[in-house]
Every structure is written in C-alpha cells, then in structure tokens.
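Okay, structure first, notes after.
Read-outs throughout are calculated quantities, based only on the coordinates presented, and are distinct from any laboratory measurement. No experiment lies behind these values; they were computed from the predicted model shown. Glycine also receives a Cβ, built like all others from the backbone with ideal geometry; neighbour counts cover every protein chain displayed.
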C-alpha cells in the first residue's frame, strides 16, 4: 500500500543554560532545597524481595559528604 503521510515536524524542548544568576538555576536550587527537607521512603530490594529495616537510615549526598 502506497500512501501520502502528513505528520507534524518534531521540535525539541528548549535547552536551558543554568548559568549563575539565571532564572532556571535559581528555580533548580529552590527545588533541590525542598527535596533535601523532604523525608523519603527508599526500600531495599534483595533479589525480588522487598526488605525493610526499622529506623531511618542515613542517606548521604556524596558531593556534600565533606560538609558533614
């Protein structure tokens, strides 16, 4: 079967620079700050079994490890 197809031209999302002082960098820092304050439930999986431990384990942000 031979036919003519019409489809919209694909467009990419805008590329953001995140340079110091830019609005996108400011928003990124705000969101990261909010995420740091949020307590998350991170389960462990060993094989296909979900394993939970009592207490809250410490999760370290590796690039901020020296500040501890």
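A Förster radius of 25 Å, combined with the Cβ-Cβ distance separating residue 13 from residue 36, puts the computed FRET efficiency at roughly 0.45. Over the residues of the chain, the helix contribution to mean residue ellipticity at 222 nm works out to -7000 deg cm²/dmol, using -39500 (n - 2.57) for each DSSP H run of at least 4. By the count of other C-beta atoms within 10 Å, a proxy for reagent exposure, 34, 39 are ordered fewest to most as 39, 34. Annotation for residue 58 and residue 2: the two label points, set 7 Å from Cα along the Cα-Cβ direction, are 7.2 nm apart. For the range 23-67, the alpha carbon positions stretch 43, 23, 18 Å along the principal axes, listed from largest to smallest.
Of the listed peptides 3-15, 42-54, 19-31, what is their order by residue-averaged count of other C-beta atoms within 10 Å, with the highest listed first? Could the numbers behind the result be given before it?
On the way: 3-15: 4.9, 42-54: 7.4, 19-31: 10.5.
Packing order, densest peptide first, comes out as 19-31, 42-54, 3-15.
Against the chain, whose longest principal axis comes from its Cα atoms, helix 23-37 is set at around 40 degrees.
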